[in-house]
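Nothing in this text is a laboratory measurement; each read-out follows from the coordinates by a stated rule. Here the structure is a predicted model, which means the values were calculated and not measured. Every residue, glycine as well, gets a Cβ built from its backbone with ideal geometry; the counts of neighbours run over all protein chains shown.
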Amino acid sequence: MVYIISFLQILQPLTFCRVTTARKPASEVSDRTARRRAQELQTARRLSSGGDVQHQLARELQLVPRETLKEMLQHLKLTLIRIPDGHLLSAKTDLNMTWSQTRELKRWLKANNIQCESEITSRRIAGAMLAEQEVQSELLPFTVKDADGCRTVELRPAAAVTSLKATVLDYLKRSAEEGDLTWHDGAIPENEIWVKILADHGGESFKNAFQVLNTKHPKTVVFSLFRAKDTRENIMTGNGQIAAGIEELKDTVWKLPDGRDARFRLFAAGDYALLSTWYGISGACGVRPCLYCEVKKVSMHLPKEDRELLILKRTLERLDMQYHDFMERGKGNRQEAKHYKNVIAPAMFRIPIDQVCIPGLHVTLGLYNKLYDRLEHELNDLDAIIATNLVRRVLPDPDVDQAQVLHHHSMHGLIPYVVAVEEARQIDEEVEAIKEEIDELENNLAWAMLYADTDVASIMRVKEEVDRLMEKKETLERKSKKVKEKGKVTTTNGPLAKRLDEVLQKRRVQRQAYQGKSFIGNHVHAMLKEDAIEDLTSIAKVAAEEIVTEMEGFPLIIVTKAQQIHLNFKRIMSLFAACYKGYSHANPMSEDDILALDRNIRSFIDTFRELFPTMTFPIKLHLLEDHMVEWVSRWGFGIGFHGEQGIESTHAAFNQIQRSTSGIADPVRRLKATLENHLLRVSPSHHGGVPAPKPQCEKNTTAIFSSLQTASCDRFTIISGGQRSEDVTRRELK
């Protein structure tokens with residue numbers, strides 16, 4: 001036993017305490033002896049540290065090698081991390097893992113001293129989250145196309161929640177518990193809950209979903225899906241219970257957390273073809289194609305003051321009356337639909353027409369694609385003019401070096417192009433028109449045969465018309481193929497028009513080849529910026545100036561036409577960009593915002609009629625001109641708030657989820673598991689999932705901060721807008 005004695009020595013106090021001499025190593029003593037030794041050392045540490053035991057202990061631990069310290073902490077289980085219950089389930093759904101993969105992850109976490117919930121706990125939590133959202137799945141008869149392109153009936157899996165009302169109410173309750181409910185600063189009446197019903201086909205399945213708009217960030221919750229195309233008869237088959245669920249929800253009164261009663265107001269959203277199917281009109285090809293009014297297609301291109309004096313609004317009551325007349329007097333003959341305002345089927349849902357949102361996303365995509373195609377055609381025409389002058393005036397000149405001219409980058413491939421382009425392009429356009437007509441007739445034929453609401457003679461007439469159009473289409477396709485093979489060129493783009501692709505690639509924009517070379521929403525958003533419009537529309541001007549400047553014999557009319565193309569398309573695209581910016585967002589709109597949008601739309605439409613008087617006036621232009629401002633004035637939000645964008649993003653999410661359920665052999669059970677995993681992922685009670693990625697810094701900003709981090713100085717001067725600002729330290733800058 002050692003004693004430390006305290007006495008005065010050169011005015012320095014010494015302290016005396018008891019430290020027992022060890023006869024056994026610490027690893028061999030009893031727990032009681034180990035505790036006594038630790039208490040003795042703790043007393044000595046307290047005395048030697050002047051009372052600051054923690055700081056002294058930290059100093060002692062710094063003397064221990066890192067690996068030894070790590071082993072000690074692991075042995076004492078002081079490095080163990082406990083993940084809260086439910087977080088592993090959230091990670092499973094976010095990462096689209098199977099239960100087997102989740103078990104492997106658990107073992108790896110445990111090996112690294114990280115504990116999380118058991119599989120039993122995860123399944124119990126999942127069961128509680130889905131208790132009010134029971135999912136049922138079954139096989140239903142859907143019409144599909146076989147390998148030969150013929151329609152047949154086939155059993156396909158379908159899955160849906162048993163009660164739409166219970167699912168929505170459960171979502172509301174959980175959102176309220178999370179404090180996520182909002183009335184957007186009074187933009188939504190305080191006694192109303194706004195719910196949007198939306199649907200779309202994508203990824204081999206048709207999905208029905210809802211969004212609760214009274215949340216800060218509305219999520220798209222798919223409540224029904226089936227693996228078949230979105231034809232009228234398939235939607236009727238797969239959505240058998242949805243109409244009843246919508247009516248039940250409309251009549252529901254929900255008690256808010258503060259005790260107030262709130263009623264539901266339902267909205268509908270989707271692409272225009274789907275909305276037409278839902279409400280029983282024949283669609284964009286009909287004589288009266290508009291879902292919102294009874295305007296004639298032939299008068300849509302006219303200014304409002306030059307149309308019919310009275311154009312009635314469509315309502316559910318008028319649709320019911322017109323469908324009754326169509327069946328009673330028109331005998332259900334689709335060819336007589338024009339006499340009954342193109343109403344050919346009963347409305348599937350009883351959501352009022354003024355609560356059916358303008359399909360803003362598809363309006364944007366359709367109109368931008370139309371302008372882009374027109375620009376492409378204008379460049380093709382300019383290619384033809386240049387080629388004509390090349391053949392007739394430039395190359396025959398004996399003073400011209402033909403090899404040098406033909407190898408110029410602006411002339412490459414021009415002569416064979418001009419020979420084939422016009423003929424093949426006209427044929428292709430005729431084929432596309434026939435395809436649309438065939439699809440419409442096939443849909444009508446399948447509907448008539450499935451529900452037997454048309455006499456046999458009418459059915460046979462439609463079938464004969466389909467056969468005739470199919471034969472004509474095949475003949476034209478063969479002819480177009482021969483023209484293209486003979487010319488050995490791609491007739492969709494001339495040499496100048498191909499430069500459009502260079503601009504798109506520069507901005508990382510790609511047209512979707514599987515969707516008729518159309519664009520997606522993010523790409524249109526990028527291409528409607530001012531600098532992108534300038535790059536796209538100036539192609540002809542730059543190329544023409546190069547040709548006329550560098551080569552003799554080309555007339556200045558080429559430059560004049562190219563400059564006109566630049567000015568016209570920059571003007572029309574800039575006006576459309578202003579319209580897009582005004583309506584595409586999801587924010588509340590003031591009166592000034594609505595008036596500005598109205599002015600921009602009027603300017604765009606007037607300019608379109610001025611610049612392209614012979615172009616077709618599609619239904620999407622009519623929706624923009626006649627109904628866009630009407631909608632935002634009625635509901636006070638940008639079209640993105642009520643629009644169809646939410647359902648578009650779910651297709652990619654479901655494709656990811658299906659990878660985790662692909663091991664289930666039964667397609668019915670597999671589809672049910674897919675829908676359940678989706679419901680878990682979008683639940684307001686979903687906690688501890690994978691965080692959303694943080695947006696990357698701009699390259700310039702990254703470079704600046706990188707240089708600052710490597711700088712040797714500790715103070716920096718911020719310069720903004722050419723003006724010197726105050727000095728800041730490195731810490732403040734971070």
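Less than 12 Å Cβ to Cβ from S122, Lys/Arg counted +1 and Asp/Glu -1: what total charge do the surrounding residues give?
+2
Where Lys and Arg each count +1 and Asp and Glu each count -1, what net charge lies around T102 among other residues with Cβ under 11 Å from its Cβ?
Surrounding charge for T102 is +2.
Looking at this model, which pairs from K672/K694; K145/K341; K498/K541; K165/K672 are more than 23 angstrom apart at the alpha-carbon?
K672/K694; K145/K341
Putting +1 on Lys and Arg Cβ atoms and -1 on Asp and Glu Cβ atoms, find which of S683, F604, L623 reaches farthest to the positive end of the dipole of the range 543-693.
S683
Using Cβ counts within 10 Å as a stand-in for footprinting exposure, how do T102, T68, T21 rank, fewest first?
Sorted ascending by nearby Cβ count, the order is T21, T68, T102.
About the Cα centre of the range 81-129, how large is the charge dipole given +1 on each Lys and Arg Cβ and -1 on each Asp and Glu Cβ? Please answer in debye to the nearest 20.
Charge dipole of the range 81-129: 140 debye, to the nearest 20.
Please work out the FRET efficiency for the pair K581 and V53, using the Cβ-Cβ distance as r and a Förster radius of 51 Å; give the result to the nearest 0.05.
About 0.20, to the nearest 0.05.
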